[in-house]
Amino acid sequence: MEAATVAAEAALGQLRASFASGRTRPAAWRAAQLRGVLRMATEMEAEICAALRADLAKPCTEAYVHEISLVKSSCMFALKNLKKWMKPKKVPAGVLTFPSAARIAAEPLGVVLVISAWNYPFLLAIDPIIGAIAAGNAVVLKPSEIAPATSSLLANLLPRFVDGSCVRIVEGGVPETTALLEQKWDKIFYTGNGKVGRIVMNFAAKHLTPVVLELGGKCPVIVDSNVDLHVAAKRIASGKWGCNNGQACISPDFIITTKSFAPKLLDSLKKVLEKFYGKDPLLSADLSRIVNSNHFNRLRRLMDEEMVSDKIVFGGQSDQQELKIAPTLLLDVPLDSAIMKEEIFGPLLPIITVDKIHESFALINSMTKPLAAYIFTKNSRLQHQFERSISAGGMIINDTSVHLTNPHLPFGGVGESGMGAYHGTFSFDAFSHKKAVLARSFGIETKARYPPYTPAKLKILKSVLKGNLVAMIQAVLGCPRGA
Amino acid sequence: MAEEVARELRASFKAGRTRPAEWRAAQLRALVRMIEEKEADISAALHADLAKPTMESYLHEISLAKAACKFALKGMNSWVKPEKVPAAITTFPSSAQIVSEPLGVVLIISAWNYPFLLSIDPVIGAIAAGNAVVLKPSEIAPATSSLFAKLLPEYVDNSCIKVVEGGVPETTDLLEQKWDKIFYTGNGTVGRIVMAAAAKHLTPVALELGGKCPVIVDSDVDLHVAVKRIAVGKWGCNNGQACIAPDYIITTKSFAPQLVDSLKRVLERFYGQDPLQSEDLSRIVNSKHFQRLTNLIEDKKVADKIVYGGQADEKQLKIAPTVLLDVPLDSELMTEEIFGPILPILTVEKIEESIDFVNSKTKPLAAYLFTKNKKLQDNFVSNVPAGGMLVNDVALHLANPHLPFGGVGDSGMGSYHGKFSFDCFSHKKAVLIRGFGGEATARYPPYTQEKQKILRGLINGSFIALILALLGFPREKR
């Protein structure tokens, strides 16, 4: 614990000095770092893929499409918009302070801590860093120790591509993270689960440090009967098993459909799954493995629970040695089963049936607000109702997961799924302070504003406030006379 | 009690009462009516709680609250509209928008120094955003607290907007409940407690705190105007008991005598020869703060640095405007937020040194600079982090609804006023809408090199790749 504290204090101390020296402020420095990250993602693609394969058996296509390419577009978007973001934004100056000029200036918060997650260990480490750097901060990154190959790779690579005096990595587990959390940061950005999220926020409270918490939840998918079923099934499958084998915060967690439609949906899903992963999915190279035995056992426990295990209608195979679990479908598990109470974060997909599709809203609203919610329907009224009645971090109609690729959409949770957002401009904003600046000159004094207070002065000011032009002129001319 | 209140508000919110624009507008209009009809009662309460001059009650609380309501009424229709944003090529075809939705049931804990404004202003934002609200007014301003408890139910929808009065036990009880947002105005010690309580429920917070707001005064100024503005921002704002009142001045050793002289003249003009008799100064809110403030100036380290004022009347809880020159930097006066009518002036050799000094302290809620020198202005704005800042005036930025009002670092997190109030109490939900057309089979397993190639092209913005992807390349048996 002592060594961890010493390391944390040293990292922070160095970064505070770097930040105080003004190194991270110029646009040129920020752009150079972003180009460095871009080069790293481009030149080291093979190494990054290898690390993700080591940590998660993540298929190269996913490593490229979901992690590397997103990091690159994030860099490019930031580089393109940096000057615009850094420019102060003029706003109307009110009549009350006439004459004056008002603007909002973005300034870095200072030295920030980014704690990353294990499931998208490259993306979720680098994406927040891009925002922090674009906003002019110095950064400490704590990659997840549960993805050790990526953690080491980042510790090795980042110093070669970015300014090590302002961007530091601290590797480690709970002791190292705790030591970091005890320090005073200007912002903490955490991606992970709600339990640790509470711990992070509690530490932050001691120093009045603002936080962004990107957490999880049970992302529901409502499937109406009025759909192009084959397309819907492909998109659900892609968002579930095509995203790290369901180990993604925005993966569909469970499906709700009508009793009458469920058989067709199941049928379609089975066909799609066989097409995607073959007859023996445990042998498919296109599925991530489960990250470690902890999570493997957790998922087996969810599947093996009494009254759940007999609801498996597809899949259920697993290989403990390889840490592999096949895509598994369950039909009508009890709502009070563990699989329906906890975030699954794996390749198990329960399907809950209701009599009428509208009942799905009440069911979803009986749970905590998820990071993402999905609906498949052509019925525009149902789409509209979905959007109005369900609160979630984000939502997609007729697809899953893809909203995170749009840099114009804020990506973040609400309620139990988190607070704050990032991506695109929102990343820059997450790590900035928006400072109000009002500038006046010495001319034009409003005498009515000064003591001694008199009814006459109050009358003039009241009229000015009501927007009375005559009163304004009077006020500016120095009425009432005599003060 | 708190649990019951929370439960009732949750039921009202779940029933959808607070969602329609008509309901929100009706509440805001009712608040405008309340402010207009009860102006005399509000002034009287502020006078009872703080001996606040009617002019200040009107200018700084009543008129600002009314303006906030009207600004929200005017802006609300456009604020609640979803904001369309560009759709990415990677999800072509699709449409994307950001939808503002209420967080749900929010808790607003107000402060004692602007007890009317600091209660109503956040409530306006919460209502405009469609939330149900609990307001906990400060018990240290009891007349205003009672007034809220009595008035609000007469004007607004009591099933969705409630007042809970009380002190530490009642506040603690409220903080144990699960809220969808907590908005707190006050000091850093309690701010930490609020955030820690919020952490248990993953409740986001806005904390409007304080700090030592510095005023840098250069010699290149219109001195008389500068001094008037400083004085009205300090003693003309609740006798210095305001989070954005100037806390201390920094100027050059050579300029200090002129500055002090001008201050004395202005103070005498404003408050007369015996300021304790002036009707235009708020009193100190209670004996605890009175003791705190008199201790600050009776401190041996600073007592001989008083160059003006220093008079106090314990019975009336009045302290006169007091100016000190060159107090030691380690005196309590220079380490704590003053929040009263005491103004220390520090001197430096060169005015640029003041920026380093300000930055050696925690980030304040507001920072001020008086100078005509453009270079110094730019240096100040670029290099002094603060909630907000003014050049050549004091405090006024809070009256501009287009400027976010909030702190940074020790002075707080989050902001409000104008549309920022609406945003503060909203969740910005990302919504992506697709149809069933535009299937890109390259996206699906089994993953192949060909598919990857097309995806790479698509991601790199290649129009041809997009067409290929949409045409279903690479071809597969269905």
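The values are calculated or read from the model by the stated rules, or taken from the named source; none is laboratory data. All of these numbers come straight from a predicted model, not from anything done at the bench. Counting neighbours? That spans all protein chains shown, and the Cβs are built from the backbone with ideal geometry, glycine included. For accessibility, only protein heavy atoms count, side chains too; no ligands or nucleic acids. Shrake-Rupley method; radii C 1.70, N 1.55, O 1.52, S 1.80 Å.
What accessible area, summed over both chains, is buried at the B-A interface (1.4 Å probe, Å², nearest 100)? The partial results should precede the final answer.
Values: alone 21970 and 21600 Å², together 34960 Å².
In total, this chain pair buries about 8600 Å².
In whole Hz, what ³J(HN,Hα) sequence does region A:219-224 give by Karplus (6.51, -1.76, 1.60; θ = phi - 60°), x for Gly and Pro?
6, x, 10, 8, 10, 7
How high is the relative contact order of chain B, in percent, with contacts defined as C-alpha pairs under 8 Å that are six or more residues apart? It would help to have the intermediate numbers written out before the result.
Numbers: 937 pairs, mean separation 83.5, N = 478.
Answer for chain B is 17 percent.
Viscosity 1.567 mPa s, temperature 4 °C: give me the Stokes-Einstein translational D for region A:12-123 in µm²/s, with Rh taken as the Kirkwood radius over C-alpha pairs. Each step should come with its number before you reach the end.
On the way: Rh = 17.1 Å.
Using the Kirkwood radius from Cα pairs, D works out to 76 µm²/s.
Rounded to whole Å, give me the distance from the Cα center of region B:15-65 to that of region B:321-364.
36 Å
So what's the back-of-envelope 222 nm ellipticity for the protein assembly as shown, counting only DSSP H runs of four-plus at -39500 (n - 2.57) apiece and dividing by all residues, rounded to 500?
Details: 35 runs with 398 residues, N = 961.
Mean residue ellipticity at 222 nm (helix-derived): -12500 deg cm²/dmol.
Give the aspartates and glutamates reachable from A:Lys83 as a straight Cα distance under 17 Å; neighbours fewer than 8 places away on the same chain don't count.
Counting by Cα, and skipping residues close in sequence, A:Lys83 has these aspartates and glutamates nearby: A:Glu107, A:Asp429.
Using Cα atoms only, what is the angle between the long axis of helix B:374-383 and the major principal axis of chain B, expressed in degrees (0 to 90) to the nearest 10?
60 degrees
Using the heavy atoms of the protein chains alone and a 1.4 angstrom probe, what is the accessible area of region B:260-378 per residue in square angstrom? Intermediate results must be reported in sequence, preceding the final value.
On the way: 5620 Å² over 119 residues.
Normalised by residue count, the accessible surface of region B:260-378 is 47 Å².
On a full-extension model of 0.36 nm per residue, what is the gain between A:Ala3 and A:Thr178, subtracting their alpha-carbon distance, rounded to one decimal in nm?
61.8 nm is the gain from fully extending A:Ala3 to A:Thr178.
What Kirkwood radius, in Å to one decimal, follows from the Cα pairs of the protein assembly as shown?
Numbers: mean 1/r = 0.0336 Å⁻¹.
Computed over Cα pairs of the protein assembly as shown, the Kirkwood hydrodynamic radius comes out at 29.7 Å.
With a ≥ b ≥ c taken as the square roots of the eigenvalues of the C-alpha gyration tensor of region A:129-197, please select rounded if a/c is under 1.5 and otherwise prolate if a/b is larger than b/c or oblate if it is not?
Working: a/c = 1.73, a/b = 1.17, b/c = 1.48.
Cα axes put region A:129-197 in the oblate bin.
Can you tell me the orientation of helix A:194-206 relative to chain A, as the angle in degrees between its alpha-carbon axis and the longest Cα principal axis, to the nearest 10?
Relative to chain A, helix A:194-206 is tipped by roughly 20 degrees.
May I ask you to derive the relative contact order of region B:59-172, considering only C-alpha pairs under 8 Å and at least 6 residues apart, and to give it as an integer percent? All intermediate terms of the calculation are to be shown ahead of the outcome.
On the way: 155 pairs, mean separation 24.9, N = 114.
Relative contact order of region B:59-172: 22 percent.
Distance from the Cα centre of region B:421-474 to that of region A:232-251, in angstrom?
14 Å
Would you mind giving the three semi-axes, in whole Å and largest first, of the ellipsoid equivalent to region A:202-290 according to its Cα gyration tensor? Before the final figure, lay out each step's value.
On the way: eigenvalues 219, 72, 15 Å².
Equivalent ellipsoid of region A:202-290: 33, 19, 9 Å, largest first.
Pull up all non-local amide H partners of B:Ser138: gap of 5 or more, or a different chain, and H-to-H distance under 5 Å with H placed in the peptide plane.
Correct list: B:Ser110, B:Ala111.
Relative contact order for region B:217-371: what is it in percent, counting Cα pairs under 8 Å that are at least 6 residues apart? All intermediate terms of the calculation are to be shown ahead of the outcome.
Working: 230 pairs, mean separation 49.4, N = 155.
Across region B:217-371, relative contact order equals 32 percent.
Go through region B:387-396 residue by residue and turn each phi into a ³J(HN,Hα) via Karplus (6.51, -1.76, 1.60, θ = phi - 60°); whole Hz please, and just put x for glycine and proline.
Along region B:387-396, the couplings run x, x, 9, 10, 10, 6, 6, 9, 6, 4 Hz.
What is the distance, in nm, between label points placed 7 Å from the Cα along the Cα-to-Cβ direction at A:Ala17 and at B:Gln277?
Spacing of the two 7 Å Cα→Cβ label points: 6.1 nm.
Considering amide H positions built from the backbone, and no H for Pro or chain starts, which residues 5 or more places from A:His433, or on another chain, come under 5 Å of its amide H?
A:Glu107, A:Leu109
Name the GluC sites (Glu not before Pro) in region B:1-87 that are in a loop by DSSP and that have at most 13 other C-beta atoms within 10 Å, would you? Before the final figure, lay out each step's value.
On the way: sites: B:Glu3, B:Glu4, B:Glu8, B:Glu22, B:Glu36, B:Glu37, B:Glu39, B:Glu56, B:Glu61, B:Glu83; in loops: none.
Loop-located and lightly packed - none at all.
For B:Cys243, A:Cys75, write out the residues from largest to smallest accessible area, computed with a 1.4 angstrom probe and no ligands counted.
Working: B:Cys243 30, A:Cys75 0 Å².
Reading off the accessible areas and sorting them downward yields B:Cys243, A:Cys75.
For the protein assembly as shown, what % of the accessible area comes from carbon and sulfur atoms, probe 1.4 Å?
Details: 19460 of 34960 Å².
On the protein assembly as shown, the fraction of accessible area on carbon and sulfur atoms equals 56 percent.
If you take every DSSP beta bridge fully contained in region A:274-396, what fraction is antiparallel? Give it as a percent rounded to 5.
Details: 4 of 11 bridges.
Counting only bridges with both partners in region A:274-396, antiparallel ones make up about 35 percent.
Send over a whole-number figure in Å² for the accessible area per residue of region B:1-101, probe 1.4 Å.
Details: 4690 Å² over 101 residues.
I get 46 Å² per residue for this part.
Looking at chain B from every direction and averaging, what is the projected area of its Cα convex hull in nm²? Show your work: numbers first, answer last.
Values: hull surface 112.5 nm².
Over all viewing directions, chain B projects a mean Cα-hull area of 28.1 nm².
Could you tell me what % of all Cα pairs in region A:84-207 have separations over 17 Å?
Working: 4687 of 7626 pairs.
I get 61 percent for the Cα pairs in region A:84-207 exceeding 17 Å.
Within a Cβ distance under 14 Å of B:Leu276, other residues only, what is the Lys/Arg minus Asp/Glu net charge? Write out the running numbers ahead of the final one.
Values: positive: B:Arg283, B:Lys315, B:Lys318; negative: B:Glu268, B:Asp274, B:Glu279, B:Asp280, B:Asp313, B:Glu314.
Every neighbour counted, the sum reads -3.
Roughly how many whole Å is it from the C-alpha centroid of region A:31-78 to that of region B:108-138?
46 Å
What is the Å³ per residue value for the convex hull set by the Cα atoms of region B:113-232?
Details: hull volume 18.4 nm³, N = 120.
So the per-residue Cα hull volume is 153 Å³.
Once the Cα gyration tensor of region B:297-349 is diagonalised, what are the square roots of 5 times its eigenvalues, in whole Å and ordered largest first, as equivalent ellipsoid semi-axes?
Calculated on Cα positions only, the semi-axes equal 20, 11, 10 Å.
Using the Kirkwood formula over every pair of different C-alpha atoms, what hydrodynamic radius in Å results for region A:149-304? Don't jump to the answer; show the numbers that get you there.
On the way: mean 1/r = 0.0521 Å⁻¹.
Across region A:149-304, the inverse of the average 1/r is 19.2 Å.
Do any trypsin sites (Lys or Arg not before Pro) in region B:296-352 lie in a loop, going by DSSP, with at most 13 other beta-carbon atoms within 10 Å of their beta carbon, and if so which?
Details: sites: B:Lys300, B:Lys301, B:Lys305, B:Lys315, B:Lys318, B:Lys350; in loops: B:Lys305, B:Lys315, B:Lys350.
When the trypsin sites (Lys or Arg not before Pro) of region B:296-352 are filtered for loop state and at most 13 Cβ neighbours within 10 Å, B:Lys315, B:Lys350 remain.
Could you please report the charge total around B:Thr335, scoring K, R as +1 and D, E as -1 over all other residues with beta-carbon less than 14 angstrom from its beta-carbon?
Values: positive: B:Lys212, B:Arg292, B:Lys301, B:Lys361; negative: B:Asp247, B:Asp299, B:Asp330, B:Glu332, B:Glu336, B:Glu337, B:Asp410.
With Lys, Arg at +1 and Asp, Glu at -1, the net is -3.
Roughly how tilted is helix B:117-128, in degrees to the nearest 10 and between 0 and 90, from the longest Cα axis of chain B?
10 degrees
Compute the longest continuous run of chain A that contains no exposed trypsin sites (Lys or Arg not before Pro); treat a site as exposed when its DSSP state is not H, G, I, E or B and it has at most 12 other Cβ atoms within 10 Å.
Details: sites that count: A:Lys259, A:Lys279, A:Lys356, A:Lys466, A:Arg481.
Counting only loop sites that pass the neighbour cut-off, the longest clear stretch is A:1-258.
Would you kindly state how much longer the chain becomes between A:His358 and A:Ser293 on full extension, computed as 0.36 nm times their sequence separation minus their alpha carbon distance, in nm to one decimal? Present the calculation step by step, with values, prior to reporting the outcome.
Values: separation 65, 0.36 × 65 = 23.40 nm, distance 3.90 nm.
Difference between extended and current length: 19.5 nm.
Ignoring everything but the protein chains, give the 1.4 Å probe accessible area of A:Tyr120 in square angstrom, nearest 10.
Here the accessible area works out near 20 Å².
Looking at this model, which pairs from A:Lys218/A:Lys240; A:Lys270/A:Lys341; B:Lys234/B:Lys264; A:Lys218/A:Lys341; A:Lys447/B:Lys234 are more than 19 angstrom apart at the alpha-carbon?
Result: A:Lys270/A:Lys341 exceed 19 Å.
Sort all Cα-Cα distances of region B:324-419 into consecutive 5 angstrom bins from zero, then give the percent of pairs in each bin up to the one containing the longest distance.
Per 5 Å bin, starting at 0, the Cα pair percentages come out as 2, 11, 19, 25, 22, 14, 5, 2, 0.
Could you pull out the pairs from B:Lys84/B:Lys428; A:Lys184/B:Lys181; B:Lys81/B:Lys178; A:Lys369/B:Lys428 whose alpha carbons sit more than 20 Å apart here?
Values: B:Lys84/B:Lys428 12 Å; A:Lys184/B:Lys181 24 Å; B:Lys81/B:Lys178 28 Å; A:Lys369/B:Lys428 13 Å.
Violating the 20 Å Cα-Cα cut-off are A:Lys184/B:Lys181; B:Lys81/B:Lys178.
When the C-alpha atoms of chain A are aligned to their principal axes, what extent does each axis show, in angstrom, from largest down?
If we take the Cα atoms of chain A, the spans are 93, 55, 38 Å.
Of A:Lys80/A:Lys378; A:Lys89/B:Lys38; B:Lys52/B:Lys429; A:Lys434/B:Lys38; A:Lys466/B:Lys150, which ones are farther than 31 Å apart at the Cα?
Details: A:Lys80/A:Lys378 37 Å; A:Lys89/B:Lys38 38 Å; B:Lys52/B:Lys429 43 Å; A:Lys434/B:Lys38 36 Å; A:Lys466/B:Lys150 28 Å.
Beyond 31 Å: A:Lys80/A:Lys378; A:Lys89/B:Lys38; B:Lys52/B:Lys429; A:Lys434/B:Lys38.
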